[in-house]
């Protein structure tokens, strides 16, 4: 019998009946996201600020703060690089802040930073509303429609709000928020207020204390719409409000707009449109990203100077309807997993985490560019994307029948190959080297860790392979072949042949997945040597099957990579890490990834079993990150330990905490109110638990026999 998907999904709708600053709820489309408090808007902004800020963020919305009045920006050429020895020659990386160079280092880390586009919240009689005035709260995020439904009493009078982000016929057609408000309070002083900030690298992405550093200009206004131009230094974007009859808009203060209705109903749609953002082409017509070709279409809102104010934008009602259609299709089209008929009481919680993770990642992480670790909800690391986390954010999608979500961001790699070539060429390497920490332009950011990481390099090959396994489309492979080729060229070039050992090595300077190791002392990090082997084999296979020329070193390096290092019956993080976790038992247990995430055939099952048990016994759990639990669980599945896999995946520990919204909150880190790589890793692990992996004949190998596992459309893991 087919799974009743509406019933399954709706059973896990997040419901709040009080202010919960740990779990604001988000609506979005992968390009734009709006995070709201229990009023359905961002009314209680200050009360959420220190925990999880209420932001309106986009893929394209970035701000660069000028260096000074005389100079706008710095580049890596202004930075004093850190020198290292690599196989007898000098290489340089933007690793350390040198004396006298601190300003350049910090500016490059923090700029560009992702921007909070606007705060949109209720006011009453032109004054802010505090939480203590709200009673009778009930808020529900309807996952099946993507609509946030909020109801509350303000001074004893009911207010009902529906909020959604537009998902057009193909998803994400407009960067528009739709808001419907029903309340008698609208005729008694309740209004919707817009407040626009200056940019900030802070978690909130907003600076409301520098009004003279930015501009908010009313470009055009008529009886049913207002177009605003926002200018922050050289960065520009537009905000367009559309509403029905009987609505009045005023500007009571600088960077503020107040919207009031003369009836018990207010319908308001708010479109955010990209401006030039520091480019030379003038004001762009659309938000950019995956839907940039909408510029000039008559049904897409355009800034003044393009199609003008006569072109309609989607109304609030249309936004809500588009959201209903998109999310219904999303849940009905892809794979699904039902577990709640199992006797284990934990089944309901695992089901909840899975479904909420799918929603959150589609909203936050599956847009036109790789995401930051907190997606479009708020800023982490100044809003910059971490390419080593791209894997955890998005690799799940093909296994769940949603390859289209991953394909939205793949063109970003093609568009930034030149920057990746420059990154490799800086130290004399061939091909493209993909950095870790970047803004939208793809330039490496200074960091004590990021420039030295390597494990993000093969991600794109791995994820392209997952897409191909799901779509079996050689046109797809031909499109992305240049990306595979230049990524593999770098991988083969950076490996060093050790004549004495008869193998290829990854030598210093490198920081492994377990980042606590010194770059000068790291040799053959465990996961990386397995990852090099696997993805170079994939690249060779693509070349042969497509009839493309390739460097024969790919085969030499891939088949000749160093093996994992074993000591005292367990695998180590790298070859010079001579300890059995008595000291370095924190951060990521990366030695498990070669047998959990990958299936390195050179690995001894017995030694890997010893390694997993040793990690579980002695690791510092507060130092783990959300995705480590999936890695450990996947390793347990391959070792034939389903009960242990589930115990790990659902372990009650701070870094494995999933709050009411479904976000994997890193409880011990105030700067990470959510951690989407944890959600993505869960979704990557579950297909292995439920459908198995290549070569595995067992049904649902990650679940004990008494669990009732009902799956539709899930793909096997590699």
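The values are calculated or read from the model by the stated rules, or taken from the named source; none is laboratory data. Just so you know, these numbers come straight off a predicted model, no measurement behind them. Every residue, glycine among them, receives a Cβ derived from its backbone with ideal geometry; neighbour counts consider all protein chains shown.
In the set (1) more than 26 Å from residue 248 (Cβ to Cβ); (2) crowded, with 23+ Cβ neighbours inside 10 Å, residue 168 fails one condition alone, (2).
Mind listing whichever residues of the range 337-346 are in contact with a strand residue (DSSP E or B) (Cβ under 9 Å, 6 or more places away or on another chain) and either in a helix (DSSP H, G or I) or under 11 Å from residue 707 (Cα atoms) (or both)? Of everything in the range 337-346, those that are in contact with a strand residue (DSSP E or B) (Cβ under 9 Å, 6 or more places away or on another chain) and either in a helix (DSSP H, G or I) or under 11 Å from residue 707 (Cα atoms) (or both) turn out to be 338, 339, 341. For the range 610-620, residues that are buried (at least 19 other Cβ atoms within 10 Å of the Cβ) and closer than 13 Å to residue 641 by Cα total 1.
Of the residues making up the range 591-600, none is buried (at least 21 other Cβ atoms within 10 Å of the Cβ), assigned by TED's automatic domain parsing to the domain that holds residue 648 and either over 26 Å from residue 373 (Cα atoms) or more than 31 Å from the chain's Cα centre (by Cα) (or both). Within the range 217-243, the residues that satisfy the criterion of being surrounded by fewer than 19 Cβ atoms within 10 Å (Cβ to Cβ) and either closer than 26 Å to residue 62 by Cβ or free of Cβ contacts under 8 Å to residues at least 40 places away in the same chain (or both) are 217, 218, 219, 220, 221, 223, 224, 231, 233, 234. Here residue 245 fulfils each of the conditions (1) in a loop (DSSP other than H, G, I, E, B); (2) within 30 Å of residue 65 (Cα to Cα) apart from (2).
Being at pLDDT 95 or above, assigned by TED's automatic domain parsing to the domain that holds residue 588 and within 24 Å of residue 699 (Cα to Cα) is a property that holds for residue 640. If the condition is being in contact with a strand residue (DSSP E or B) (Cβ under 6 Å, 6 or more places away or on another chain) and over 21 Å from residue 419 (Cα atoms), then the range 91-112 contributes only 96.
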